[in-house]
Amino acid sequence: MTKTLVSAKDLRKNYGSLIAVDGISFEIQEGECFGFLGPNGAGKTTTVKMIHCVSPVTSGTLIVNGLPAHINNRALKKMTGIIPQEITLDVDLTVYENLIIFAKFFDIPKREAKKRIAELLHFVELEAKRNSKISELSTGMKRRLLVARALLNHPKLIVADEPTTGLDPQARHLIWQRLRQLKSEGVTLILTTQYMEEAQQLCDRIVVMHQGKILKEGVPSKLVAEQIGREVVEVRVPKEEDERIVGQLTEFSCGHERVGDTLYFYCRDGQGLMKKLVELDLHNYLTRPATLEDVFLKLTGRSLIE
Amino acid sequence: MNLSYRIYYIFLRNLYSYKRFVVPTFLVSLVEPLFYLVTFGIGMGAYIGYFGGKPYLYFLVPGVLVSSVMMTSSFECLYGTFVKMIHEKLYDSLIATPVSAEDAVAGDIAWGAFRGLISGTLMMTVAMVMGVLPASVLSAALLLALMVLVGVMFASLAMIVTSFSPSFDFFNYYTELIITPMLFFSGVFFPLDKFPPWMKTLSEFMPLTHAVKISRAVYSGTLSSGLIWSLLVIVVLEAIAFTIGLKSMKRRLIK
């Protein structure tokens, strides 16, 4: 029997006249990894800030662990770990001092804190940097330290706001492994990301947000199957040819879309479609499995979002 | 207001970071009073001679003492807090923990006052080495308490300025148009009785004037009932500035 940890109903957030979150509802179960996907300015960060009680709710209800989320709710802050989008480490302090002071903020007794810090430095592979200054760390190390800092209080809920932005593949995979490990230990994970691979790697369920609203909710693989199909065929042909080509391919019942120099087909039988394209003497094509990225682009539009 | 004992944790955080700056700040805090005391006290004092029966230094020291507290506390909560808030984004991570925004700001005000206390204490030590002694041990203890009171007041006032300052440059308005004039209108370097009435009235509105009055009386051990008014001005202004400082910083930190 799963328990609901976070529940939002008609949640809204305005900054002055700007509507950042526009009446969204969702539920997050204990122990799952729940992802918020969306382009810049979709309202993901604002939503998670309300969940972890640093931004007041404009209207609607937001219940976390049975308590209303509120900026003065110290009990909720005590059980939550935050991996922020920006690197907010204390540059005046060393790696160890960053952690020992943060442990204080959570009222963790010194002996316990020291033990916990040793464990966590091992967990994020930063033991060798214990006494380094923050300025001596690489971006990957800083992000790992943020992960360690978020875990000091043994959080029941972890909020990771774009935790791998700006990292190289090695560092990114290390963070993903650690987050999966935490999940296997029963921690609930809330993730915001723009990286579709990250969402596919980590999330049990996702919502796609755009302009403050939730466009779709579901299990990543099912969303791909429902929204796109199994495969995507990209054909690079001039726009004038669209009608002719689409006319020849009606038997495959594919969805199609024109963006820039490319004609996209979303279908189940990619192989068949490819053969037909060769017959039509179209060789400039590419076939690949459908991904969450296609869902994302289909839902939020392929044009640039500023 | 959502204040708790966690104010101490922020103070502690600042103490950790201070370890690395302690030598340079002590040097600055020592050299600055030496400049004042040597140039004004000895150089100008030689022309002025005796002042109410005592050398000029006895007049100068109590005034310079509280103005050094004013300077240090103000700068800490202007530049120090601004860097932590905007450049280092430290407050963002603080308010995501059980430490509230009010705790964090109050902790920084306490820290600003503490820095002021260090400056003032160093200044008093230098003065004592130069032979300018407070009237009694009690006087010295009261001076320390006064420094804390004055420090919290100016730290809180600075916090209000920081709460709406768009950039570093903005602080110049406050330091050049408010803090520096106070040095000259508050009777730090010379008595105010030769001022025309309007200037006297103006100086009554300056919190430093009242701090200097009390400091001078405590230093020489000549307390009078008139000081209650000055004390009241400081305490009331301090309470108001502290409350507004916390509220307006919270508005900036929590969006």
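The values are calculated or read from the model by the stated rules, or taken from the named source; none is laboratory data. Only a predicted model underlies this, so the values are computations on that prediction, with no experimental measurement involved. Methodologically, a virtual Cβ is constructed for each residue, glycine included, from the backbone with ideal geometry; neighbour enumeration extends over all protein chains shown. Each accessible area value is taken on the protein alone, full model and side chains, heavy atoms only, with ligands, DNA and RNA left out. Shrake-Rupley method; radii C 1.70, N 1.55, O 1.52, S 1.80 Å.
Filtering the stretch B:131-174 to residues that are of a type in the set (S, T, N, Q), in contact (Cβ under 8 Å) with a residue 60 or more places away in the chain and over 16 Å from B:VAL66 (Cα atoms) leaves B:SER136, B:THR162, B:SER163, B:SER165.
Residues checked against (1) in contact with a His (Cβ under 9 Å, 6 or more places away or on another chain); (2) without any contact (Cβ under 8 Å) to a residue 12 or more places away in the chain; (3) within 26 Å of B:PRO166 (Cα to Cα):
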| residue | (1), (2), (3) |
| --- | --- |
| B:MET1 | no, no, yes |
| B:ARG13 | no, no, yes |
| B:TYR16 | no, yes, no |
| B:LYS19 | no, yes, no |
| B:GLY43 | no, yes, no |
| B:GLY63 | no, no, no |
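Among the residues of the stretch A:108-153, those identified as over 27 Å from the mean Cα position of the chain (by Cα) and without any contact (Cβ under 8 Å) to a residue 24 or more places away in the chain are A:PRO109, A:LYS110, A:ARG111, A:GLU112, A:LYS114, A:LYS115, A:ALA118, A:GLU127, A:ALA128, A:GLU136.
Taken over the stretch A:57-84, the criterion of being free of Cβ contacts under 8 Å to residues at least 40 places away in the same chain and on the phi < 0 side of the Ramachandran plot is satisfied by A:LEU67, A:PRO68, A:ALA69, A:HIS70, A:ILE71, A:ASN72, A:ASN73, A:ARG74, A:ALA75, A:LEU76, A:LYS77. Filtering the stretch B:184-215 to residues that are in a helix (DSSP H, G or I) and open to solvent by 50 Å² or more (accessible area, probe 1.4 Å) leaves B:PHE184, B:PHE185, B:PRO197, B:TRP198, B:LYS200, B:THR201, B:LEU202, B:GLU204, B:LYS213.
For the subset of the stretch A:54-78 comprising residues that are at the interface with another protein chain (Cβ under 10 Å from one of its Cβ atoms) and within 24 Å of the chain's Cα centre (by Cα), which member is modelled with the lowest pLDDT? Before you say what the answer is, go through the steps one by one.
Within the stretch A:54-78, the first condition is being at the interface with another protein chain (Cβ under 10 Å from one of its Cβ atoms), and the residues that meet it are A:54-56, A:71-78.
Next, only the ones that are within 24 Å of the chain's Cα centre (by Cα) stay: A:54-56, A:71, A:76-78.
Working: A:VAL54: 92, A:SER55: 93, A:PRO56: 93, A:ILE71: 87, A:LEU76: 93, A:LYS77: 94, A:LYS78: 94.
Step by step, filter the stretch A:54-78, then rank; the result is A:ILE71.
Please work out which residue is surrounded by the most Cβ atoms within 10 Å (Cβ to Cβ), limiting yourself to the stretch B:1-59 and to residues that are touching a strand residue (DSSP E or B) at 6+ places or on another chain (Cβ under 8 Å) and modelled with pLDDT of 80 or more. The selected residue is B:PHE59.
Restricting the search to helices (runs of 4 or more DSSP H) fully inside the stretch A:160-240 and requiring at least 1 residues that are within 27 Å of A:LYS142 (Cα to Cα) and open to solvent by 40 Å² or more (accessible area, probe 1.4 Å) gives A:169-184, A:196-202.
The listed residues are B:VAL22, B:VAL31, B:VAL38, and the only one of them that is within 13 Å of chain A (Cβ to nearest Cβ), under 24 Å from the mean Cα position of the chain (by Cα) and more than 30 Å from A:GLN85 (Cα to Cα) turns out to be B:VAL22. In summary, strands (runs of 3 or more DSSP E) completely within the stretch A:1-88 and bearing 3 or more residues that are open to solvent by 10 Å² or more (accessible area, probe 1.4 Å) occur at A:4-15, A:18-29, A:59-64.
When you check B:ALA96 against the structure, is it under 22 Å from B:VAL233 (Cβ atoms) and of a type in the set (A, V, I, L, M, F, W, C), yes or no? Considered against the rule, which asks whether it is under 22 Å from B:VAL233 (Cβ atoms) and of a type in the set (A, V, I, L, M, F, W, C), B:ALA96 comes out as no. Scanning the stretch A:89-117 for residues that are within 12 Å of chain B (Cβ to nearest Cβ), open to solvent by 40 Å² or more (accessible area, probe 1.4 Å) and assigned to a loop (DSSP other than H, G, I, E, B) gives A:VAL91, A:ASP107.
Kindly check whether there is at least one residue in the stretch B:124-140 that is open to solvent by 10 Å² or more (accessible area, probe 1.4 Å) and within 13 Å of the chain's Cα centre (by Cα). No, the stretch B:124-140 has no match at all.
If the condition is being open to solvent by less than 20 Å² (accessible area, probe 1.4 Å) and either under 29 Å from B:PHE184 (Cβ atoms) or aromatic (Phe, Trp, Tyr) (or both), then the stretch B:81-115 contributes B:THR81, B:PHE82, B:TYR91, B:ASP108, B:ILE109, B:TRP111, B:GLY112, B:ALA113.
Scanning the stretch B:153-166 for residues that are part of a helix (DSSP H, G or I) and either among the hydroxyl-bearing types (Ser, Thr, Tyr) or open to solvent by 30 Å² or more (accessible area, probe 1.4 Å) (or both) turns up B:SER156, B:LEU157, B:ILE160, B:THR162, B:SER163, B:PHE164. Taking the criterion of being of a type outside the set (A, V, I, L, M, F, W, C) and not in a helix (DSSP H, G or I), the residues of the stretch B:216-229 that qualify are B:GLY221, B:THR222, B:SER224, B:SER225, B:GLY226.
Only one of the numbered conditions (1) hydroxyl-bearing (Ser, Thr, Tyr); (2) open to solvent by 40 Å² or more (accessible area, probe 1.4 Å); (3) more than 30 Å from A:TYR15 (Cβ to Cβ); (4) modelled with pLDDT of 95 or more is violated by B:THR243, and that is (3).
If I go through the stretch B:211-255 residue by residue, how many of them are away from every other protein chain (no Cβ under 14 Å), over 20 Å from B:ALA135 (Cβ atoms) and of a type outside the set (Gly, Ala, Ser)?
12
For the stretch A:118-127: of the residues being outside any helix (DSSP H, G or I) and either within 12 Å of chain B (Cβ to nearest Cβ) or open to solvent by less than 60 Å² (accessible area, probe 1.4 Å) (or both), which is modelled with the highest pLDDT?
A:LEU126
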